[in-house]
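Notes for the one structure printed next.
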Amino acid sequence: DSGVTQTPKHLITATGQRVTLRCSPRSGDLSVYWYQQSLDQGLQFLIQYYNGEERAKGNILERFSAQQFPDLHSELNLSSLELGDSALYFCASSAGQGGNTIYFGEGSWLTVV
Amino acid sequence: GENVEQHPSTLSVQEGDSAVIKCTYSDSASNYFPWYKQELGKRPQLIIDIRSNVGEKKDQRIAVTLNKTAKHFSLHITETQPEDSAVYFCAASKGKIIFGKGTRLHILP
């Protein structure tokens with residue numbers, strides 16, 4: 001167990017819908033990262049937050065948004081869902097802003113039908 | 001932008017032989033290079049990491065080497081075992097962590 005908690009574990013939704021994925025980082029970690037992993041694909045970096053502030057942005061679509069709350073948990077919002085958004089979404093956390101080991105949660109499996 | 005290239009994408013080795021996976025990175029400011037192992041349907045887990053002030057690091061059957069001048073680093077697994085079968089990801093970081101596309105390692109009996 002990495003200490004990073006993600007909910008829900010599985011989610012099936014229809015095209016055009018909106019979903020929210022939730023992540024609680026390891027105790028004491030200030031950074032949260034979101035990654036997207038499609039079938040047989042690598043880990044695509046979406047966005048990083050550090051202590052509530054956006055720290056770095058990757059290839060995150062405009063239909064996606066995220067935030068980190070004062071209690072350090074984070075949410076990834078995916079809207080106007082398309083079939084191609086079906087993927088495993090990982091949250092990870094680390095103690096510092098960068099150059100530290102990141103620990104992954106178990107992931108949220110999103111299926112868009 | 002930052003990029004990490006990883007090769008090969010698939011690797012099959014006989015049980016007991018060695019496996020080598022190579023990565024190159026584009027951002028010379030990167031200072032931290034972790035390697036993760038991901039089994040099917042599970043989360044990536046850190047297996048070894050190296051920082052830019054070190055050229056080589058070893059942990060039992062696993063070793064990582066770093067060549068900062070050439071901007072490449074490699075993972076070496078010796079005496080491979082069936083449980084080494086998985087997807088391995090290299091990464092480079094100076095802040096955000098950018099991953100390579102992964103190497104699917106098959107250990108053949």
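The values are calculated or read from the model by the stated rules, or taken from the named source; none is laboratory data. This structure is a prediction, so every number in the text was calculated from the model and none was measured. Note that each Cβ is placed from the backbone with ideal geometry, even for glycine, and that neighbours are counted across all protein chains shown. The area values use the complete protein model at the heavy-atom level, side chains included, leaving out ligands, DNA and RNA. Shrake-Rupley method; radii C 1.70, N 1.55, O 1.52, S 1.80 Å.
For the reader, a short list of remarks on this structure follows.
- Scoring B:Leu105 on the criteria (1) in a strand (DSSP E or B); (2) free of Cβ contacts under 8 Å to residues at least 60 places away in the same chain; (3) open to solvent by less than 40 Å² (accessible area, probe 1.4 Å) leaves a single failure, condition (2).
- Flag if A:Leu30 is away from chain B (no Cβ under 12 Å) and either crowded, with 20+ Cβ neighbours inside 10 Å or under 18 Å from A:Phe104 (Cα atoms) (or both): yes
- Residue that is most open to solvent (accessible area, probe 1.4 Å) [pool: residues in the range A:59-89 that are within 14 Å of another protein chain (Cβ to nearest Cβ) and over 14 Å from A:Ser31 (Cβ atoms)]: A:Asn59
- When the criteria are applied in full, A:Gln97 fails the requirement of being surrounded by 21 or more Cβ atoms within 10 Å (Cβ to Cβ) and out of contact with any helix residue (DSSP H, G or I) (no Cβ under 9 Å at 6 or more places or on another chain).
- B:Ile98, sole failed condition from (1) at pLDDT below 95; (2) surrounded by fewer than 16 Cβ atoms within 10 Å (Cβ to Cβ): (2)
- Only one of the numbered conditions (1) of a type in the set (S, T, N, Q); (2) within 14 Å of chain B (Cβ to nearest Cβ); (3) assigned to a strand (DSSP E or B) is not met by A:Gln97, and that is (3).
- Within the range B:75-93, the residues that satisfy the criterion of being surrounded by 18 or more Cβ atoms within 10 Å (Cβ to Cβ) and either within 14 Å of chain A (Cβ to nearest Cβ) or part of a strand (DSSP E or B) (or both) are B:Leu75, B:Ile77, B:Ala86, B:Val87, B:Tyr88, B:Phe89, B:Cys90, B:Ala91, B:Ala92, B:Ser93.
- Taken as a whole, the structure leaves A:Ala92 outside the set of residues that are among the aliphatic types (A, V, I, L, M), more than 23 Å from B:Leu40 (Cβ to Cβ) and not in a loop (DSSP other than H, G, I, E, B).
- Every residue from the range B:16-63 that is in contact with a Pro (Cβ under 9 Å, 6 or more places away or on another chain) and either away from every other protein chain (no Cβ under 11 Å) or crowded, with 17+ Cβ neighbours inside 10 Å (or both): B:Ile21, B:Lys22, B:Tyr36, B:Lys37, B:Gln38, B:Ile47, B:Ile48, B:Asp49, B:Ile50
- For the criterion of being surrounded by 20 or more Cβ atoms within 10 Å (Cβ to Cβ), more than 27 Å from B:Asn3 (Cα to Cα) and either touching a Ser or Thr at 6+ places or on another chain (Cβ under 7 Å) or away from every other protein chain (no Cβ under 14 Å) (or both), A:Gln48 fails.
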